[in-house]
Amino acid sequence: MTPVQCSIRKGIRAMATKTAAKKMVRTIVGEAGWKRLRRYRRRLLGAPPAVPRPAAPTGIAAISRDLRKLAQHFKTDKWGTHRYAQHYQRHLEHLKNEPINLLEIGVGGYSRAGQGGASLRMWKHFFPNAQIYGMDIRDKSFVDEERITTFIGDQSDAGSLVGVAAKIGTLDVIIDDGSHLSPHILTTFETLFPLLKDGGIYAVEDTQTSYWPEWQGSEDRGDPKTSMSMLKRLADGLNYEEFVDADYEPSYTDLNIVGMHFYHNLVIIEKGKNAEGTNKKRVLKKRYSEDGSTR
């Protein structure tokens, strides 16, 4: 055996002996005594005191960053019946610790006494610094608690919507989970979207009803009165700067929507100034004259 191998073997034996001795002492003095001995040794060696590790969160706090788990915990249909939570996680994560105001149209539970409020509770625990508001055509005040406030309101009535918005003030997130009837969705959007803060998020849930005549939708996917037709028009408006009809005047939504995300039964709209410009006059030289007028 070489001198190097002998040295390695001695080192291994010494380590094994030291480990065995530690186990023996730990068994004799117990876990508490062992911790005291370790602290005493650190003081003798002049080492700084050990910093205790923070306790791992438990209960709801342990899942507060995961909307899917929160939705399951509070039994809201935003996960399970639907798959909305994963999309909300993506589009609302950046607001998690901000002092926002979130308004959800529709508190849930319908006319059943004492039912509803599951998603409001979910939002409260996902947004620890937010004020959460719910509006429903029925009295849902039993849901009210710290950072959750409900209002009675009718989403088919623009005056009612404006009245609720005035009580809240700034609106950072609006979620339409109300009647799901196309006329109501259109009225709510037309009324509340202009009141949404720049940089805010507007969501429309359960858009499947747009295709159901029984829910005031239409089998005609081009019917301009349905919620999905309205949302598809908004998507066209994202590109209003590319329109070639010279007399077109951009609408408020053309100018103030910067992103739309379509998912199964859910549409998420981002508000902001939509004015990126266009290169159409350079590309479409045959259409546009040098002075910018159309031929």
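The values are calculated or read from the model by the stated rules, or taken from the named source; none is laboratory data. Everything quoted here is computed from the prediction, not taken from an experiment. Glycine gets a Cβ as well: all are built from the backbone with ideal geometry, and neighbour counts include every protein chain shown.
Being of a type in the set (Val, Ile, Thr) and over 16 Å from PHE193 (Cβ atoms) is the filter here, so list the residues in the stretch 227-276 that pass it.
If the condition is that a residue be of a type in the set (Val, Ile, Thr) and over 16 Å from PHE193 (Cβ atoms), then VAL244 is the only one that fits.
Of ALA235, ALA246, which residue is assigned to a loop (DSSP other than H, G, I, E, B), in the same structural domain as GLN89 (by TED's automatic domain parsing) and of a type in the set (Gly, Ala, Ser)?
ALA246
Among ASN129, ASN101, which is more than 12 Å from the chain's Cα centre (by Cα) and either under 18 Å from GLU270 (Cα atoms) or without any contact (Cβ under 8 Å) to a residue 24 or more places away in the chain (or both)?
Of ASN129, ASN101, the one residue that is more than 12 Å from the chain's Cα centre (by Cα) and either under 18 Å from GLU270 (Cα atoms) or without any contact (Cβ under 8 Å) to a residue 24 or more places away in the chain (or both) is ASN101.
What's the number of the condition THR253 fails, among (1) β-branched (Val, Ile, Thr); (2) within 24 Å of TRP123 (Cβ to Cβ); (3) more than 21 Å from the chain's Cα centre (by Cα)?
(2)
Being of a type outside the set (D, E, K, R), loosely packed, with under 15 Cβ neighbours inside 10 Å and out of contact with any His (no Cβ under 6 Å at 6 or more places or on another chain): is that true of ALA62 here?
So ALA62 passes the test.
Does PHE193 meet the test of being modelled with pLDDT of 95 or more, among the aromatic types (Phe, Trp, Tyr) and under 19 Å from the mean Cα position of the chain (by Cα)?
Yes.
For the stretch 236-253, which residues satisfy the criterion of being surrounded by 15 or more Cβ atoms within 10 Å (Cβ to Cβ) and either touching a Leu at 6+ places or on another chain (Cβ under 6 Å) or under 15 Å from TYR202 (Cβ atoms) (or both)?
GLY237, LEU238, THR253, listed by residue number.
Criterion first (in contact with a strand residue (DSSP E or B) (Cβ under 8 Å, 6 or more places away or on another chain), outside any loop (DSSP other than H, G, I, E, B) and charged (D, E, K, R)) does LYS124 satisfy it?
It is true that LYS124 is in contact with a strand residue (DSSP E or B) (Cβ under 8 Å, 6 or more places away or on another chain), outside any loop (DSSP other than H, G, I, E, B) and charged (D, E, K, R).
Spot the failing condition for GLU145; the list is (1) out of contact with any Phe, Trp or Tyr (no Cβ under 7 Å at 6 or more places or on another chain); (2) charged (D, E, K, R); (3) within 21 Å of LYS271 (Cβ to Cβ); (4) surrounded by fewer than 17 Cβ atoms within 10 Å (Cβ to Cβ), and only one is missed.
(3)
Is it fair to say ALA71 is within 30 Å of GLU93 (Cβ to Cβ), of a type in the set (A, V, I, L, M) and touching a Gly at 6+ places or on another chain (Cβ under 8 Å)?
Taking the combined requirement at face value, the residue satisfies it.
Assigned to a loop (DSSP other than H, G, I, E, B) and farther than 15 Å from ILE174 by Cα - does that describe any residue in the stretch 101-108?
The answer is yes, given that some residue of the stretch 101-108 is assigned to a loop (DSSP other than H, G, I, E, B) and farther than 15 Å from ILE174 by Cα.
Can you tell me which residues in the stretch 185-206 are buried (at least 19 other Cβ atoms within 10 Å of the Cβ) and either hydroxyl-bearing (Ser, Thr, Tyr) or not in a helix (DSSP H, G or I) (or both)?
Across the stretch 185-206, the qualifying residues are THR188, LEU196, GLY200, ILE201, TYR202, ALA203, VAL204, GLU205, ASP206.
Condition (residue is in a strand (DSSP E or B) and either under 19 Å from the mean Cα position of the chain (by Cα) or assigned by TED's automatic domain parsing to the domain that holds PHE262 (or both)) applied to the stretch 176-184: is it met by at least one residue?
Yes, the stretch 176-184 has at least one match.
Of the residues SER119, SER111, which is among the hydroxyl-bearing types (Ser, Thr, Tyr) and buried (at least 17 other Cβ atoms within 10 Å of the Cβ)?
Exactly one of SER119, SER111 is among the hydroxyl-bearing types (Ser, Thr, Tyr) and buried (at least 17 other Cβ atoms within 10 Å of the Cβ), namely SER119.
What residue, of HIS87, HIS73, HIS91, is surrounded by 12 or more Cβ atoms within 10 Å (Cβ to Cβ), modelled with pLDDT of 90 or more, of a type outside the set (A, V, I, L, M, F, W, C) and over 13 Å from the mean Cα position of the chain (by Cα)?
Within the list HIS87, HIS73, HIS91, the selection yields HIS73.
On the basis of being polar (S, T, N, Q), buried (at least 18 other Cβ atoms within 10 Å of the Cβ) and touching a residue at least 40 places away in the same chain (Cβ under 8 Å), does SER160 make the cut?
The answer is no for SER160.
Checking the condition surrounded by 13 or more Cβ atoms within 10 Å (Cβ to Cβ), under 18 Å from LEU266 (Cα atoms), at pLDDT 95 or above and under 25 Å from the mean Cα position of the chain (by Cα), which residue from SER218, SER227 passes?
Checking each option against the conditions leaves just SER227.
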